[in-house]
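Q: I'd like to ask you about the structure that follows.
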Amino acid sequence: MDKVEKVAQEDGLPGGMRTFLAERGMHPQVQWDNEKATRTILEDPTKPVILVSNHAHALEPTLSLAALPSRKNVSFIAKHGESNMFGPTMAGRYITVWHPGHKETEEQKDKRRARNDAGIQNAITKLIAGELLYIAPDGGDTSGDWKKGVVTLIESALSMDEAYLVMVNVPDTKKTDPLLLALKKTSYKTVLIANATKVQDLPIPESVKNMPYGKEKLLMFADILKTHYDTWASSSITTPISQPHDT
């Protein structure tokens, strides 16, 4: 058993990701809006949390998870194939979604959509059970548009007694850098973590919440959430930098 797999078994996905990066010479430098309050929620295995980050590059999901305190019930919604570099403990925490293939037939498209719907339903079940779920809302798409998966998760969380959204941003990553090249360029990378916000307190108008489910609602919901994230990510965060808690 390699070290990454061993740590993942003991400390969960965040510990495994920290070890994976450390073995390659990279360490996240965490900059919090409110470390004490947010860490308390992130460490609590009974608190349902949706963690979102930017995703211009393969580096952001890895760093975002590595920046978290150790917690075993953490899952990662990721596209097919991204778990292949990890052992069974890490890979077992992935919820796979499929991106559109080149020249899909209608049958292939229907199959992909059914798989993705099942994946999101699995994620909702985990959230209800108190898990922390990581999702990159733009799915690595260069358009930057937020996809319906995160909207469906947050809409489901609105009906829960207590669920949180935590926004993460990894500044200055470039789409053109392969993951291993990016790891060689620098030993430390800043990870910004926002205040944990109750999903019920997000700035979503009641008129949008009460719209019938459909494309128009999904687009409006996604646009509101993306604007909320972009406003925070572009603001200046002045909290002193600290290292992530190991165990």
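Q: Mind ranking 223-234, 157-168 by how tightly packed they are, going by the mean number of other C-beta atoms within 10 angstrom, highest first?
A: 157-168, 223-234
Q: Remind me, what semi-axes does the stretch 3-235 give for its equivalent ellipsoid, largest first in whole Å, using sqrt of 5 times each Cα gyration tensor eigenvalue?
A: Here the semi-axes work out to 26, 22, 18 Å.
Q: Just the number, please: percent antiparallel of the DSSP beta bridges in the stretch 3-235, rounded to the nearest 5.
A: 15
Q: Starting with the highest mean, order 46-52, 87-93 by the number of other Cβ atoms within 10 Å, averaged over the residues of each peptide.
A: 46-52, 87-93
Q: Can you tell me which lysines have their Cα less than 20 Å from the Cα of residue 47? Leave out same-chain residues fewer than eight positions away.
A: Filter leaves 36, 72, 126, 198.
Q: To the nearest Å, what is the center-to-center distance of the stretch 202-229 and the stretch 64-113, using C-alpha atoms only?
A: About 25 Å separates the Cα centre of the stretch 202-229 from the one of the stretch 64-113.
Q: Just add up the charged neighbours of residue 132: K/R +1, D/E -1, any other residue whose Cβ is under 14 Å from the Cβ of residue 132.
A: Result for the local shell: +1.
Q: Also, I was wondering about something else. Please list, in chain and number order, the residues 5+ apart from residue 190 or on another chain whose amide H is under 5 Å from its amide H, with Hs placed from the backbone.
A: Excluding prolines and chain starts, which carry no amide H, the hits are 29.
Q: 7 Å from Cα along Cα→Cβ at both residue 3 and residue 85: what's the point-to-point distance in nm?
A: For residue 3 paired with residue 85, the spin-label model returns 1.7 nm.
Q: Could you check the simple spin-label distance between residue 161 and residue 29, using points 7 Å along Cα→Cβ, in nm with one decimal?
A: That separation, rounded to one decimal, is 4.2 nm.
Q: Based on other C-beta atoms within 10 Å, arrange 98, 146 from fewest to most.
A: Ordered by Cβ neighbours within 10 Å, fewest first: 98, 146.
Q: Provide the packing ranking of 99-110, 197-208, 123-134, i.e. peptides ordered by the mean count of other C-beta atoms within 10 Å per residue, highest first.
A: 123-134, 197-208, 99-110
Q: A follow-up question, please. For residue 134, enumerate residues with amide H under 5 Å from its amide H, sequence gap 5+ or separate chain, H modeled in the peptide plane.
A: 51, 75, 76, 77
Q: If the chain between residue 198 and residue 115 were fully stretched, how many nm would it gain, using 0.36 nm times the residue separation less the Cα-Cα distance?
A: Full-extension gain reported as 27.0 nm.
The numbers here are math on the coordinates, done by the rules we state, and not lab data. If you're wondering where the values come from, they're calculated on a predicted model, not measured in any experiment. Cβ atoms come from the backbone with ideal geometry, glycine included; neighbour counts cover every protein chain shown.
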